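Below: one structure, written as structure tokens.
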Amino acid sequence: MRDRLSLAFAALLAACIANAAPPQVGAAAAEPAAAQPASAPAPGTQARAASAAGTAPLPEVADVFAPNPKLYVDGIPPVPKRLVQEVSRYTEFRGHAFVGWHPLRREMLVSHRQADAQTAQLFRLASPLGALEQLTDSADPVVEASYEPLQGKYLVFARGDGGNEANQLYRLDLPSKQITLLTDPAERNEMQGWLHRSSALLVSSVALDKTASTGTRSAVSQTLRLVDPAQPGVSRKIAELPGTGWEVGAISWDDRQAALTRYISANESQVWLLHLATGKSVQVLPAPDASPKAAHFAGPFTRDNSGLFIISDRDGEFREIMLYRFASKRLQRVTGAPAWDASELSVNDGAKTLAARFNVDGREELRLFDAQTLRAAVLPAGRTLPAPTAGSVRSLRFHRKLPDLAFAVAGSAGPSQVHSLNPLTGATEIWTRAHIPAGIDTSEVPQPRIVRWRSFDQREISGILYRPPARFAGKRPVLVLIHGGPEAQAKLGFLGRNSYFVNELGIAVIEPNVRGSSGYGKTFLTLDNGVLREDSVRDIGSLFDWIATQPDFDASRVLVSGGSYGGYMSLAVSARYSPRISGAIDIVGISNFVTFLRNTESYRRDLRRVEYGDERDPAMRAFLESISPASRAQDITKPLFVVQGRNDPRVPYTEAEQIVALARANNPFVWYLRAENEGHGFARKENADYQFYATVMFVRATLLK
């Protein structure tokens, strides 16, 4: 049986690439002996296996696209240049993300990848639809920055190295563009906000655990410092906070206090007040003896510093906006009992207008409130808030001095574009236009829609369906894209490269929001915790049942793919439902919960134990081992494609290596792609492009048969 499967897959692959090429000389990066498990196959193994199984004659090397030297390519057949040419348009979508306002002028920072660049960098945008002035030029992406708040004399930006997420902070002087390192490379650093009356920046730092693989580091703490970026090396330690998960929600207008959110789990977080002069902190929400647990997130202070806007699910299933008064120690509801979660608050300088996003069944909507009357704000007659069709609003930020609110919109029509809104006049302006490659008509594709099905326990599960254009006749194959997190959500937006599968191959794409996803209430969020983990996998099995009832879908041609936790889900589905799928793609996914918890960076370990379970408990350890895909590798019998970044601090590359080695013990078609200069996903275009080319070959060979 296995030989027949191998021959069938080889024949499909031959049809896909038409003329296979010999194993590529130099296709794999030089590999240190210690980095590769003893059982790991040599580069080109899969290509030789396919050839031995009876594929088509081998083409000339000149017809093959060679991967760059930083890619370790194992088992992936040669990529024909004609395929690269065919799909190249779909690698050139380029949007813009809002980064920050200039403190005095009506201009902004955006992040963007230019046509000839590998990564997104910072640009100054002096006016709506104006020319972009490039400020950074790095091999690593730069997407987070902030101007010095008084005059905008310089900006501070964050940057990691090769995807390691060990962010360092740098000062970029204007106009010279000289860069100065501000932080200690032995620590992971984050900007937490500027004081209002000076050029002092709050920075949080956590020591990097170089012994993460041994799990020996038990005491982890987070340090808050007040830094003057104009004087590198000069800082004042404010506080040493126990554990990790601390974030500054806001700084009071008088610069005396910082409101902190302490994230414990997706269903439990606290609000603390930190006195910046003394470093003393006190928990304000919830009361230390409060029960049951709830999520509280610190937002901006009122203008007189007498209260704090927060987001909380204390009074219901969903997160709503509330106002906490320090004197009375009471919460006042602003939005009432919402049907969906609120998120990302921003107030203007006078604290008169409050902007928020609401997650409405997977679509992020913008809403405004009067920060003083606590009522919904009304725009001038004839003006309405932007409501992107089949898309979402993101990245809300008021200008420090002007009434303008910046926000980004991404939808089915294209990637992110930046806009501004003046709440006083109701006028909106577009600041950037996304690049849509020539020859791609996004209006041709049907609008995505929400679909729903009943799972094994009759609970309703939903997802986003991207249906192919009407010109594709017959039952269509299905690509199931599973989001990460797990405390995340598939939202209406832009498919990017995955649009190719819908537009050009006629494949239906479904993005399910299985139990444990955010956005559907705090009870739904807990339904996959601990020993309930596999119930979310069963939700995908129920999705397969639903697909089988749809007259325009082919239930015999279904492929699952996911990244991070979605990668685990793809592996778990591949093991549990192998007869019902055509293949699986695992991108930076967990293959064994016990080894993952032992090897992930220490600043993340305790937070992940709350979600997945504590592997130090013998009973939980046994359970985690039993449900891990690595323990069920013998059941992964369909084609598998594993993608990993070598520098991933979240899901270490060893998770990929072990599932590749174990799956290959009885599976002849396992592909493995690892980038030596990437982390939790591929950020460099040349790496992401090669991943896409290989994915297209894999999809064609598994679904288009």
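Would you mention how many residues in the range 554-613 are part of a strand (DSSP E or B), charged (D, E, K, R) and in contact with a helix residue (DSSP H, G or I) (Cβ under 8 Å, 6 or more places away or on another chain)?
2
Would you pick out the residues in the range 316-343 that are touching a Ser or Thr at 6+ places or on another chain (Cβ under 8 Å), open to solvent by 10 Å² or more (accessible area, probe 1.4 Å) and farther than 19 Å from residue 525 by Cα?
Correct list: 325, 326, 327, 331.
From the list 88, 127, 138, 111, pick out the single residue that is hydroxyl-bearing (Ser, Thr, Tyr) and in contact with a helix residue (DSSP H, G or I) (Cβ under 9 Å, 6 or more places away or on another chain).
88
Consider residue 72 against the criteria (1) buried (at least 20 other Cβ atoms within 10 Å of the Cβ); (2) in contact (Cβ under 8 Å) with a residue 60 or more places away in the chain; (3) more than 24 Å from the chain's Cα centre (by Cα): it satisfies all of them except one. Which criterion is unmet?
The single condition residue 72 does not satisfy is (3).
Could you run through the range 284-313 and say how many residues are over 23 Å from residue 254 (Cβ atoms) and surrounded by fewer than 19 Cβ atoms within 10 Å (Cβ to Cβ)?
Residues meeting the conditions: 7.
Of the numbered conditions (1) touching a residue at least 40 places away in the same chain (Cβ under 8 Å); (2) more than 30 Å from residue 436 (Cβ to Cβ), residue 87 fails exactly one; give the number of that condition.
Of the numbered conditions (1) touching a residue at least 40 places away in the same chain (Cβ under 8 Å); (2) more than 30 Å from residue 436 (Cβ to Cβ), the odd one out for residue 87 is (2).
Only one of (1) under 25 Å from residue 258 (Cβ atoms); (2) touching a residue at least 24 places away in the same chain (Cβ under 8 Å) fails for residue 205. Which number is that?
Status for residue 205: all satisfied but (2).
Among the residues of the range 351-377, count how many are open to solvent by 30 Å² or more (accessible area, probe 1.4 Å) and in contact (Cβ under 8 Å) with a residue 12 or more places away in the chain.
Number satisfying all stated conditions: 8.
If you go through the range 545-560, how many residues are open to solvent by 10 Å² or more (accessible area, probe 1.4 Å) and under 21 Å from the mean Cα position of the chain (by Cα)?
Qualifying residue count for the region: 0.
Within the range 378-411, take every residue that is within 31 Å of the chain's Cα centre (by Cα) and at positive phi and give me the one that is most open to solvent (accessible area, probe 1.4 Å).
395
Would you list the strands (runs of 3 or more DSSP E) that sit entirely within the range 430-521 and hold 1 or more residues that are under 24 Å from residue 87 (Cα atoms)?
Fully inside the range 430-521 and qualifying: 460-466, 476-482, 508-513.
Out of the residues in the range 85-111 that are within 26 Å of the chain's Cα centre (by Cα) and not in a strand (DSSP E or B), which is nearest to residue 158 (Cα to Cα)?
95
Determine, yes or no, whether residue 578 is in contact (Cβ under 8 Å) with a residue 12 or more places away in the chain and either surrounded by 19 or more Cβ atoms within 10 Å (Cβ to Cβ) or of a type in the set (Lys, Arg) (or both).
Taking the combined requirement at face value, the residue does not satisfy it.
The values are calculated or read from the model by the stated rules, or taken from the named source; none is laboratory data. This one's a predicted model, so the numbers in the text were calculated from it and none came from an experiment. Note that we place each Cβ from the backbone using ideal geometry, even for glycine, and neighbour counts take in every protein chain shown. Protein only, heavy atoms only, side chains kept; ligands, DNA and RNA dropped before computing areas. Shrake-Rupley method; radii C 1.70, N 1.55, O 1.52, S 1.80 Å.
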